[in-house]
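The values are calculated or read from the model by the stated rules, or taken from the named source; none is laboratory data. Treat the numbers as computed from the prediction; the structure is a model and nothing was measured. With ideal geometry, Cβ positions are generated from the backbone for all residues, glycine too; neighbour counts draw on all protein chains shown.
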2 protein chains.
Amino acid sequence: MTNDKILLAHGAGGKLSAELIQKIFLPVFDNEILNGLEDSAVFECESGKLDFTTDSFVVKPLFFPGGDIGRLSICGTVNDLSVMGATPLYLSVSFIIEEGFSLNDLEKIAHSMKTTAKEAGISIVAGDTKVVERGAADNLYVTTAGVGKIADGINLSCSNAAPGQVVIINGYIGDHEMAVLLARGEFSLHSEIKSDCAPLNGLVEAILKTSGKVSCMRDPTRGGLATVLNEVAEASGVGIIVDEDLIPVRQEVKSICDLLGFDPLYLANEGKIVVFADENDADIIISAMKKHPLGKNTAIIGRVVEEPKCKVLLETRIKGHRVLGLLSGEQFPRIC
Amino acid sequence: MTNDKILLAHGAGGKLSAELIQKIFLPVFDNEILNGLEDSAVFECESGKLDFTTDSFVVKPLFFPGGDIGRLSICGTVNDLSVMGATPLYLSVSFIIEEGFSLNDLEKIAHSMKTTAKEAGISIVAGDTKVVERGAADNLYVTTAGVGKIADGINLSCSNAAPGQVVIINGYIGDHEMAVLLARGEFSLHSEIKSDCAPLNGLVEAILKTSGKVSCMRDPTRGGLATVLNEVAEASGVGIIVDEDLIPVRQEVKSICDLLGFDPLYLANEGKIVVFADENDADIIISAMKKHPLGKNTAIIGRVVEEPKCKVLLETRIKGHRVLGLLSGEQFPRIC
């Protein structure tokens, strides 16, 4: 590149924009559909149900243990498609970059996107770049959108939870948000915690291949496990009881939460999936999940009940119950 | 709402996020597919070619004569789909909002999106909202992505331009960027110029309904008409000659350009389309375009030639030629 910093001209649609596309984005994201000539991507599609979603990513810092904004922005959209039972196919990527941002870091982020997209088996087929003046953004924001295909017969919805179903999760909660918060250095704590940021479509595929009846899947990102459980309880008009002792939380995350006064149930995850499944099918589903690299620590954490409707109860160690509400403050901004 | 300003908690995935969705976005964007429960949108699709695109919008100011960031963000994506000959079907919308932004303005912008989406006949089916702390963004940025359907037999590409084709545009250039620049108040000039911001899918439909052979369409946004012509010349390996006298520029835009030293050929448009069509079919295409409200000032502005390959020449008033290159600096940031 002609310069090691992003200039306003990189976003102006002229020579430097073309150079950015030709020298960084096209070679990195390289695939048959992405051609750099048109402003959009054309692909063939079979008839049936499609899934479409978008998310913006404003995580701070851009690089954190276990991931970066590039990996996160691919996983976030892949996972939103996956929890609907869709096979993620195509992604678009749009950057809003602050003038002066390091071209080297942009390239690193693009490479991380490429690697993650490959891991998830999807193609980045369309994109856009805007550059804003110094002070009008904090380094870099990314928005991805994704299209996936839902196979016939799959009909997952967070309004499908019903009594007789159990709640399953594929492992430890809270790692992502904790890793990001500690990476900011605000708490002067050292830890080995890494973000769990990962594309979940492979794990979802393994679940849907079993004969087990799954009614609903969700990824507990912003607002954490407690928020997702509340959304499902509300949408399905059911109660959900989860057992504190069964929810996988790393000792290190627990200790830091205790120290700082956080609740791991509200911490964001980026590689976790909550599965609602018929109690009788739990064994085959869990067995399939445990065989997948992202499901080794899979556990049943609770069950769906008739009452209290639209509420989530936490069964505590002393066998009392407390209501788990929606996150009511902001906890922390920019964790995804 | 509980407060007239956006708080960090509006982006945290908890109670205030839910309130924002339930009280503003769902009622405004209301449609069958958007349900506010799932993180993505599911829709049925027939087999065939789909078009997929994304753009981020960082325009400053957010409200300008002739439009606002809401209208712009819908038109931008609708138009990127339209120029590929796609019928725009579904849009996603993702907001990055600065803490402290006016909820009232957010509602105005959402309403403007709704109105524009209705005008274009498309549905907003998925979305996301992130809030960043004060100073980490400039009010509000919007990213839209869109999916459209390309009918059988349509095969437009900017590599399809060939000698024997003419270049048609649907009216005055430069209005959008000029309106935005003047709205910033930087030049202390008063004018009646309004952005041309409009969804072009209706006009494109009218063009494709004729029997005229169209090879390529492009919307001259960032970088303006000169940039789009260069991209087509380069992609098709042809020369393009445009006649200065034939290119529609309002007298007012011309005068301000002269005064400030801008070239209208490089100013961004948001409701213009450049059509490459067989010379013999120009009449029927132009006649169809002129019947459409967005095509009243349609004109042939040039022709495709063998040589000089990959270059755009401007035939000037004194019948000389000068090469129109790619925009080489930034002209102005944040005009879309």
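Overview of values
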item	result
Test: residue in the range A:164-175 that is over 22 Å from the mean Cα position of the chain (by Cα), surrounded by fewer than 16 Cβ atoms within 10 Å (Cβ to Cβ) and within 30 Å of B:C45 (Cβ to Cβ)	no
Which numbered condition B:F101 fails, given (1) touching a Phe, Trp or Tyr at 6+ places or on another chain (Cβ under 9 Å); (2) aromatic (F, W, Y); (3) at pLDDT 95 or above	(1)
Pairs with Cβ under 8 Å, 6+ apart, first in the range A:6-17 and β-branched (V, I, T), second assigned to a helix (DSSP H, G or I)	A:I6/A:L103; A:I6/A:L106
Pairs with Cβ under 7 Å, 6+ apart, first in the range B:45-59 and more than 7 Å from every other protein chain (Cβ to nearest Cβ) and under 18 Å from B:V83 (Cβ atoms), second among the hydrophobic types (A, V, I, L, M, F, W, C) and crowded, with 24+ Cβ neighbours inside 10 Å	B:F57/B:I69; B:F57/B:L72; B:F57/B:V142; B:F57/B:C336
Enumeration of residues in the range B:7-22 that are more than 11 Å from every other protein chain (Cβ to nearest Cβ) and in contact with a Leu (Cβ under 6 Å, 6 or more places away or on another chain)	none
Failed item in (1) away from every other protein chain (no Cβ under 11 Å); (2) within 30 Å of B:G13 (Cβ to Cβ), with A:L91 passing the rest	(1)
Subset of the range A:43-54 (residues that are modelled with pLDDT of 95 or more and closer than 30 Å to B:P220 by Cβ)	A:F52, A:T54
A:N79 being of a type outside the set (G, A, S), more than 21 Å from A:L34 (Cα to Cα) and surrounded by 24 or more Cβ atoms within 10 Å (Cβ to Cβ)	yes
Count - residues of the range B:98-148 that are hydrophobic (A, V, I, L, M, F, W, C), within 17 Å of the chain's Cα centre (by Cα), over 14 Å from B:L72 (Cβ atoms) and more than 14 Å from chain A (Cβ to nearest Cβ)	0
Pair list, Cβ < 7 Å and 6+ apart or interchain, from the range B:244-268 residues that are more than 14 Å from B:L181 (Cβ to Cβ) and not assigned by TED's automatic domain parsing to the domain that holds B:K194 to residues that are surrounded by fewer than 19 Cβ atoms within 10 Å (Cβ to Cβ) and modelled with pLDDT under 95	none
In the range B:23-38, residue surrounded by the most Cβ atoms within 10 Å (Cβ to Cβ) [restricted to those that are within 11 Å of chain A (Cβ to nearest Cβ) and free of Cβ contacts under 8 Å to residues at least 24 places away in the same chain]	B:E38
Failed criterion for A:D68 (all others in (1) out of contact with any Lys or Arg (no Cβ under 7 Å at 6 or more places or on another chain); (2) under 28 Å from B:N155 (Cα atoms); (3) surrounded by fewer than 24 Cβ atoms within 10 Å (Cβ to Cβ) hold)	(2)
Hits in the range A:92-147 - residues which are surrounded by fewer than 24 Cβ atoms within 10 Å (Cβ to Cβ) and acidic (D, E)	A:E98, A:E99, A:D105, A:E107, A:E119, A:E133, A:D138
Residues located in the range B:225-247, provided they are surrounded by 23 or more Cβ atoms within 10 Å (Cβ to Cβ), in a helix (DSSP H, G or I) and over 22 Å from the mean Cα position of the chain (by Cα)	B:S236
Exclusive hit being surrounded by fewer than 22 Cβ atoms within 10 Å (Cβ to Cβ) and at the interface with chain B (Cβ under 9 Å from one of its Cβ atoms), set A:S157, A:S188	A:S157
Residues satisfying the stated conditions in the range A:321-336, i.e. over 21 Å from A:G76 (Cβ atoms) and buried (at least 20 other Cβ atoms within 10 Å of the Cβ)	A:L324
Filtered residues of the range B:272-320 (kept if buried (at least 18 other Cβ atoms within 10 Å of the Cβ) and touching a Phe, Trp or Tyr at 6+ places or on another chain (Cβ under 7 Å))	B:V304
In the range B:60-88, the residues that are at the interface with chain A (Cβ under 9 Å from one of its Cβ atoms) and of a type in the set (D, E)	B:D80
Top-ranked residue in the range B:299-334 [being among the polar types (S, T, N, Q) and touching a residue at least 24 places away in the same chain (Cβ under 8 Å); ranked as farthest from B:V249 (Cα to Cα)]	B:Q331
Selection within the range B:248-270 - touching a Leu at 6+ places or on another chain (Cβ under 7 Å) and either on the phi > 0 side of the Ramachandran plot or buried (at least 23 other Cβ atoms within 10 Å of the Cβ) (or both)	B:L265, B:Y266, B:E270
Residue within the range A:201-211 that is more than 14 Å from every other protein chain (Cβ to nearest Cβ), surrounded by 24 or more Cβ atoms within 10 Å (Cβ to Cβ) and out of contact with any His (no Cβ under 8 Å at 6 or more places or on another chain) present	yes
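Each row is one residue, and each column tells you yes or no for (1) among the small types (G, A, S); (2) farther than 19 Å from B:N31 by Cβ.
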{"site": "B:I74", "(1), (2)": "no, no"}
{"site": "B:P88", "(1), (2)": "no, no"}
{"site": "B:F95", "(1), (2)": "no, no"}
{"site": "B:F101", "(1), (2)": "no, yes"}
{"site": "B:D105", "(1), (2)": "no, yes"}
{"site": "B:S112", "(1), (2)": "yes, no"}
{"site": "B:A145", "(1), (2)": "yes, no"}
